[in-house]
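The numbers here are math on the coordinates, done by the rules we state, and not lab data. Computed from a prediction, not measured in an experiment: that's the story for all the values here. Every residue, glycine as well, gets a Cβ built from its backbone with ideal geometry; the counts of neighbours run over all protein chains shown.
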Amino acid sequence: MSNLSIEAKVGVFVVIGMIILGYMSMRLGRLGFKMDKGYDVKVYFDSASGLEEDVSVEIAGVEVGRVRKILLEEGKALVILRIDSNVKLRKDVKASIRSRGILGDKYVVLIQGSPSAPLIEPDGRIISTVSATDLESLMNVLGEVAENISELTRSFANVMGGEKGEASLRSIVDSMKAVAETLNRTVQENNEELVKIIANLSEFSATINEISSKINKGEGSIGKLISKDDTVEKLNETLASLQKITEKVNRGEGSIGKLINDEETVENINSTLTSLNDYMQKQEAFRTYLDYRGEYLFDSNDVKSYLSLRIQPRDDKYYLLQIVDDPGGVESETDITTTTNGTTTTQHIEKNEKSEIKFSAQIAKRYYDLGLRGGIFESTGGFAFDYYLFKDRLTLSMEAFDFDSDSNAHLKFKADFTPFKHLYITSGFDDFISDEGNESFFIGAG
């Protein structure tokens, strides 16, 4: 060996290494699962994307079979599994396709069901499957969300851009600053009252603790009632009497027992309850909401009122009817035509009085967290966007209506926050691009 050259020694080492590697591969191949043993089981998946033949089938991380074949049948992926003959599957077993890591290989996972369920016969079928969301579907959903946010941002930038938009934003900030200063001043002026309220709460808590202590010591009417032994004995006697009555009813004794144990009576009651349940489900599906909202306009020192009726046949769709009491109102114009001695005269009259009552009739559709509305807004055509946040407790809305060629459109931005079930707070900026001086910050509730 020492007489061999370096090249010969390297060649011998490579040959020996290849022999060892081939031997180990053969050994490992013998240890792996053999496709010619076991029995076949069918399972249908909506998608078998990324799954290949001869990948492992596992239960609790242990390989129990292999994927023998993947076919397309009636628009679904038919996956045939070869299961080890020593492994018995129940009919309520669940199958799912999983991946090892984010970009790892796909494999099939089986989740065993109840031990009392019957076994699946060879060439049987696994009924229950668990669909796993793949990376491509997740990216598509994220792409749609990003596109919606981009469109909303672009629309907001178009509305708020330019000198008028900058002035409107500055006015919003100034109004919010004024509200914050008002709240701060109110708290400072009523500091003594707040201290009294906190002191009263502290006294109330101390009184509750004192009452609880007396009850635990057996003092007072409630304490004596709880601490007396005869009270417990009487309670036990009452429970024993109730148990005897229940046993008689179960045996069918007495009027109530005969009524409950009569099969015809039970069937009639079940039929009545079923009809009542169907009626209640229909009523619950078709919901109606009545709402009043008042908005205090800082610019005109007046209140704008909304009386709304929302009819909601589905969770993602509703109809909105409103009566609006607008202190600004709408100007009234009238043409009067008169005929005298064959001469026709038309007189155009513009009244300064304004009709304060307006009407709205809208239809709304919701897509995930984004809602779209269209129809009549305060007696004019328009549309709106609603964006829902924090499980619908916060709603951001942008409304556009009254597209008059002689003046700017009426744009309104508002935010509704619902701290309680039947109460919400609203705030925003109304008609913020008005060229007639009608823009105003508002705050209200409903």
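Some observations on this one:
- Cross-linked pairs Lys164/Lys421; Lys164/Lys365; Lys358/Lys414; Lys196/Lys421; Lys177/Lys414; Lys304/Lys391: Cα-Cα separations exceed 26 Å for Lys164/Lys421; Lys164/Lys365; Lys196/Lys421; Lys304/Lys391.
- Label separation (Ser213 vs Glu121): 7.7 nm, computed from points 7 Å beyond Cα along the C-beta direction.
- Among beta bridges that DSSP assigns inside region 39-134, antiparallel share in %, nearest 5: 75
- Region 352-446: trypsin sites (Lys or Arg not before Pro) in DSSP loop, at most 11 other beta carbons within 10 Å: Lys391, Lys421
- In summary, the convex hull built on the alpha carbon positions of region 32-136 has an orientation-averaged projected area of 6.7 nm².
- Estimated FRET transfer efficiency when R0 is 41 angstrom, pair Leu21-Asp46 (beta carbons, to 0.05): 0.50
- Amide H contacts of Gly371 (H built 1.01 Å from N, in plane; Pro and chain starts excluded): Asp386, Tyr387, Tyr388 sit under 5 Å, all sequence-distant by 5 or more or on other chains.
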